[in-house]
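The values are calculated or read from the model by the stated rules, or taken from the named source; none is laboratory data. Here the structure is a predicted model, which is why all the values come from computation and not from measurement. Because the Cβ atoms are built from the backbone with ideal geometry, glycine has one as well, and the counts that use them run over all protein chains shown.
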Amino acid sequence: MKNIILCFILLSFLGFKSKNNLKCEDFHIGKFELINKTDNRKYILQRQKTFQSEETFDLKTGKKIGDKRFYNLKWMNDCEYILLIDTLKSKFDEDDIYINSNGGLRCRINEIKSNSATIITSFHDNSVKSVISKIN
């Protein structure tokens, strides 16, 4: 009986540990937060396998900034994807059209620690590193 209880406790710990060992696939679907201290903004991302919505908030006031934006996601492999603005659902400008017509934003999940992923987003010769955290 003691062995059964010990096995159950051990399996419980192993199950708990696996939740903290996220993989690229764990960032395909869910709700995420991205903090950009440079522009004092917080972004809340809702992601499905091929679709992402994004809301922007001011870090100081907590107030929502602008309209919700919608993106199409194209996964190249488990850790790399392309973001294209959904021009049917989002307000867009010339920059968005230029980005879409030149292949979109290329994103690569570079590193995963705990519930966060470092993502490198590239367009032409420019790249930006950001961290998104899974919040559900």
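A few points about this structure:
- Thr87 being free of Cβ contacts under 8 Å to residues at least 24 places away in the same chain and either surrounded by fewer than 11 Cβ atoms within 10 Å (Cβ to Cβ) or farther than 19 Å from Ile44 by Cβ (or both): yes
- Within the set Lys37, Lys42, Lys49, Lys19, the sole residue that is at pLDDT below 50 and within 25 Å of Ile119 (Cα to Cα) turns out to be Lys19.
- Unique match (being loosely packed, with under 15 Cβ neighbours inside 10 Å, of a type in the set (Val, Ile, Thr) and closer than 27 Å to Asn21 by Cβ) among Ile112, Ile135: Ile135
- Options Lys74, Lys89, Lys2, Lys64: the member that is modelled with pLDDT of 95 or more and more than 24 Å from Lys113 (Cα to Cα): Lys64
- Some residue of segment 94-106 being more than 20 Å from Ser127 (Cα to Cα), in contact with a strand residue (DSSP E or B) (Cβ under 9 Å, 6 or more places away or on another chain) and outside any loop (DSSP other than H, G, I, E, B): no
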